[in-house]
Amino acid sequence: MSNSVRSRLLLAVTGLLLACGAGVDDSGGGAAGAGSGQGGACVDEGAPCTVQFRYPLSNETSVQLRGDFAADGWEVGIPLEIDAGEWRVTLSAPNTSTIQYKFLVNGTDWVTDPNNTELVDDGVGAQNSVKHVSCGASLCATGEGGSGGGGVAPGEFDWRSAVLYFVFVDRFRNGDVTNDAPIADIETPANYQGGDYAGLLEIIESGYFEELGVNALWLTVPMDNPNVPGPGADGHAYSAYHGYWISDGEKVEEHFGDMALLKQVIDAAHARGIKVLFDYAMNHVHSDNPLFTEHPEWFWSLDFDGKYCVCGDGCGWDGYEGRRCWFRDYLPDWNFQSPEARAASIDNAMWWIKETGVDGYRLDAIKHIETVWVEDLRKRVEAEVDQSGGRFYMVGETFETGNRDVIRQYVGETLLDGQFDFPLRGAIVENILRRSGTMFDLDNFLATNDGYYPGIMSTFIGNHDIPRVLQTALDSPWGTWDNGGASNWVDPPGLPTSKAPFERVALGFTFLFTTQGIPLVYYGDEIGMPGSGDPDNRRFMEWSDVEPNQEWLRDQLKLLGTIRKENPALWKGTRTSVFVSDDVYAYKMTDGPNALYVAINRSDSAKDAENLPESATDLLTGDAVSGPVVSLEPRSAVILQP
């Protein structure tokens with residue numbers, strides 16, 4: 001689907017959409033089954049639901065969806081794309097709405113949906129197919145809804161309350177030097193550096209994560225990788241320290257430990273009320289993986305109509321080519337149009353869930369696989385995994401810096417629970433940390449982003465694929481999405497001596513911790529570790545010789561974690577802007593009778609925030625604050641409880 005066509009459709013329904021739950025009606029004319037992508041949360045009437053349309057693949061050259069889903073939906077078609085052996089398209093429509101539609105095949109033939117038996121008279125002597133949109137959960141009672149939906153069943157974990165910490169295992173903590181085994185002829189930044197499950201276990205049992213308010217961990221891929229170098233696109237040799245080159249899908253990476261130790265890590269986390277997610281890489285394997293040699297038909301050929309189909313080198317990164325290209329020529333790409341290949345991969349994903357008791361997956365490179373893989377995994381999880389303590393949370397990674405439509409199409413009741421919100425990250429970094437544009441720009445973006453996705457998104461300002469967030473907060477900041485260039489390897493950035501960059505990073509985290517979504521803390525960002533792009537953004541975690549500015553930032557995150565935990569309005573309330581100026585943004589988070597006010601000053605000078613409570617306590621300092629006008633110190637924020 002082109003961006004322009006999808007944008008027209010989404011703009012037509014955006015005015016009706018107030019997110020409160022997630023779901024898909026993919027059952028033809030009937031409503032989707034009960035259950036919620038939020039683990040029991042209700043869903044507002046009019047909330048955005050992910051809806052999928054399918055048409056059987058034969059010898060068609062094109063298939064378009066036409067219908068009343070948009071003002072011009074009968075005149076302007078939405079192209080379906082071939083996905084897993086059929087034509088598919090996914091869009092968003094309001095919960096409880098009804099769509100009449102047909103397919104336009106080969107540009108000439110109007111056809112009703114062969115998968116849907118519900119038809120109505122189209123008024124001109126023929127019939128239209130009918131789809132009833134449902135997010136798959138009960139409607140919220142009056143006053144119970146709003147963005148974020150209602151509560152969860154007793155005893156369930158409410159994923160809206162999660163604070164997620166990304167443990168990059170090899171770079172986090174070395175607890176067992178006997179498994180340190182760097183690969184020969186690879187430079188240190190791209191080699192194994194000794195982090196392991198023994199070290200992670202030490203940190204869990206120390207209470208470090210609870211002090212940060214963290215109640216969910218994302219661990220790098222646990223599966224075994226080959227002990228061989230692989231050439232990177234930058235000309236340097238790399239090891240598989242990141243875990244993405246799977247050579248044995250039922251063995252734990254020996255650099256990290258063994259299965260018994262991994263289970264001990266998960267049990268220790270669970271004992272402290274901490275959920276655990278695995279990074280699961282399903283797009284490809286390493287060429288050393290026996291599955292590739294024994295079942296080559298399960299993988300795409302490196303040759304595609306005479307093209308050398310490596311992503312970005314012979315084949316494109318998007319669309320059909322993006323789903324079948326190899327990331328590198330030693331990483332065979334799964335062909336999930338094959339039911340046998342799909343079943344083998346999902347069997348493995350289920351094996352890890354059942355073997356370890358893990359609570360969720362961070363699913364890598366979602367847009368590079370067939371959507372049906374996600375659907376099939378969700379069906380297996382629903383049928384085979386005990387979720388009485390909380391829904392098995394699946395969050396995807398679709399690296400799109402501006403295209404929210406692409407990100408949203410994978411989120412729904414039978415798909416992902418959420419994705420990482422890259423566009424929001426761009427807005428926070430651009431308008432708060434880099435001080436570009438004005439806070440009016442941030443407010444305008446948030447007005448369209450609130451309620452845009454039908455699920456629980458993960459919000460972030462830093463991760464392992466971009467330079468450290470501290471670089472964007474410098475007095476002379478890096479670009480929002482810089483890749484680092486030569487500084488990834490030569491003359492990498494050092495720690496700034498000024499406190500100002502750390503204060504700006506704290507402002508970014510203040511926003512994440514006081515709004516809806518699951519905030520991510522990328523390891524080391526809690527102390528403002530510097531770093532260029534990959535692999536310099538993956539330096540070993542600093543546990544000693546931490547500078548005072550770094551300690552200050554970590555203390556701020558501990559405080560933010562405590563405030564978020566003690567005030568549910570911050571993670572399930574509705575956000576309302578109360579004051580905006582060039583440098584100040586203030587908003588109110590409301591959950592029923594509970595309300596808190598947040599004001600952020602990005603400026604290097606004191607600024608006023610208006611329309612705040614006449615009498616309140618600043619939860620960041622404990623000080624009494626008198627409004628409605630409050631003076632904010634440079635690069636500071638207040639969280640006010642009236």
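The values are calculated or read from the model by the stated rules, or taken from the named source; none is laboratory data. This is a predicted model, so every value here is computed, not measured. As a convention, Cβ positions derive from the backbone with ideal geometry for all residues, glycine included, and neighbour counts pool all protein chains shown.
Looking at segment 551-566 only, could you name the residues that are among the polar types (S, T, N, Q) and surrounded by 20 or more Cβ atoms within 10 Å (Cβ to Cβ)?
If the condition is that a residue be among the polar types (S, T, N, Q) and surrounded by 20 or more Cβ atoms within 10 Å (Cβ to Cβ), then Q556 is the only one that fits.
Before we move on, is D582 surrounded by fewer than 23 Cβ atoms within 10 Å (Cβ to Cβ), in contact with a helix residue (DSSP H, G or I) (Cβ under 9 Å, 6 or more places away or on another chain), assigned to a loop (DSSP other than H, G, I, E, B) and not aromatic (F, W, Y)?
yes
Restricting attention to segment 468-501, which residues are under 20 Å from L424 (Cα atoms), among the hydrophobic types (A, V, I, L, M, F, W, C) and part of a helix (DSSP H, G or I)?
Within segment 468-501, V469, L470, A473 qualify.
Can you list residue pairs whose Cβ atoms sit under 7 Å apart, with the first residue in segment 170-193 being under 24 Å from F209 (Cβ atoms) and the second being among the basic types (K, R) and assigned to a helix (DSSP H, G or I)? Count only pairs 6 or more apart in sequence or on different chains.
Note: pairs meeting the criteria are R171/R538; Q193/R171.
For segment 115-127, enumerate the residues that are of a type outside the set (D, E) and either touching a residue at least 12 places away in the same chain (Cβ under 8 Å) or surrounded by 15 or more Cβ atoms within 10 Å (Cβ to Cβ) (or both).
N115, N116, T117, L119, V120, A126, Q127 - these are the residues of segment 115-127 that are of a type outside the set (D, E) and either touching a residue at least 12 places away in the same chain (Cβ under 8 Å) or surrounded by 15 or more Cβ atoms within 10 Å (Cβ to Cβ) (or both).
Run down E321, E375, E294 and say which single residue is within 20 Å of Q409 (Cβ to Cβ), free of Cβ contacts under 8 Å to residues at least 24 places away in the same chain and not β-branched (V, I, T).
Result: E321 is the single residue among E321, E375, E294 that is within 20 Å of Q409 (Cβ to Cβ), free of Cβ contacts under 8 Å to residues at least 24 places away in the same chain and not β-branched (V, I, T).
Any chance you could count how many residues in segment 588-642 are out of contact with any Phe, Trp or Tyr (no Cβ under 6 Å at 6 or more places or on another chain), free of Cβ contacts under 8 Å to residues at least 40 places away in the same chain, small (G, A, S) and not in a loop (DSSP other than H, G, I, E, B)?
Summing the residues that are out of contact with any Phe, Trp or Tyr (no Cβ under 6 Å at 6 or more places or on another chain), free of Cβ contacts under 8 Å to residues at least 40 places away in the same chain, small (G, A, S) and not in a loop (DSSP other than H, G, I, E, B) in segment 588-642 gives 5.
Residue by residue through segment 591-642, note down the ones that are more than 31 Å from the chain's Cα centre (by Cα), β-branched (V, I, T) and surrounded by 14 or more Cβ atoms within 10 Å (Cβ to Cβ).
T617, V625, V630 - these are the residues of segment 591-642 that are more than 31 Å from the chain's Cα centre (by Cα), β-branched (V, I, T) and surrounded by 14 or more Cβ atoms within 10 Å (Cβ to Cβ).
Restricted to segment 63-91, and to residues that are assigned to a strand (DSSP E or B) and of a type in the set (A, V, I, L, M, F, W, C), which residue is surrounded by the most Cβ atoms within 10 Å (Cβ to Cβ)?
V63
Which condition number in (1) in contact with a Ser or Thr (Cβ under 9 Å, 6 or more places away or on another chain); (2) on the phi < 0 side of the Ramachandran plot is the one that G73 fails?
(1)
Here are S287, S301: which of them is free of Cβ contacts under 8 Å to residues at least 24 places away in the same chain, surrounded by 13 or more Cβ atoms within 10 Å (Cβ to Cβ) and in a loop (DSSP other than H, G, I, E, B)?
After ruling out the rest, the residue left standing is S301.
For the structure I just gave you, tell me whether S129 is assigned to a loop (DSSP other than H, G, I, E, B), hydroxyl-bearing (S, T, Y) and either modelled with pLDDT of 95 or more or touching a strand residue (DSSP E or B) at 6+ places or on another chain (Cβ under 6 Å) (or both).
Judged against the criteria, S129 is not a match.
Kindly establish whether I266 is touching a residue at least 24 places away in the same chain (Cβ under 8 Å), under 20 Å from V177 (Cβ atoms) and either surrounded by fewer than 19 Cβ atoms within 10 Å (Cβ to Cβ) or not hydroxyl-bearing (S, T, Y) (or both).
The answer is no for I266.
Failed condition for G273, given (1) surrounded by fewer than 19 Cβ atoms within 10 Å (Cβ to Cβ); (2) part of a helix (DSSP H, G or I), with all others met?
(2)
Here are R323, R342: which of them is within 23 Å of K251 (Cβ to Cβ) and either assigned to a helix (DSSP H, G or I) or of a type in the set (S, T, N, Q) (or both)?
R342
Within segment 356-363, is even one residue touching a helix residue (DSSP H, G or I) at 6+ places or on another chain (Cβ under 9 Å), β-branched (V, I, T) and closer than 11 Å to M282 by Cα?
No.
For segment 470-489, which positions are under 16 Å from A506 (Cβ atoms), in contact with an Asp or Glu (Cβ under 9 Å, 6 or more places away or on another chain) and crowded, with 19+ Cβ neighbours inside 10 Å?
Of everything in segment 470-489, those that are under 16 Å from A506 (Cβ atoms), in contact with an Asp or Glu (Cβ under 9 Å, 6 or more places away or on another chain) and crowded, with 19+ Cβ neighbours inside 10 Å turn out to be L470, Q471, T472, A473.
Got at least one residue in segment 497-504 being of a type in the set (G, A, S) and surrounded by fewer than 24 Cβ atoms within 10 Å (Cβ to Cβ)?
Checking segment 497-504: at least one residue is of a type in the set (G, A, S) and surrounded by fewer than 24 Cβ atoms within 10 Å (Cβ to Cβ).
Give all pairs with beta carbons closer than 8 Å in which a residue from segment 85-114 that is in contact (Cβ under 8 Å) with a residue 40 or more places away in the chain meets a residue that is acidic (D, E) and part of a strand (DSSP E or B); count only pairs at least 6 apart in sequence or on separate chains.
Here the result reads R88/E81; V89/E81, each pair linking segment 85-114 to a residue that is acidic (D, E) and part of a strand (DSSP E or B).
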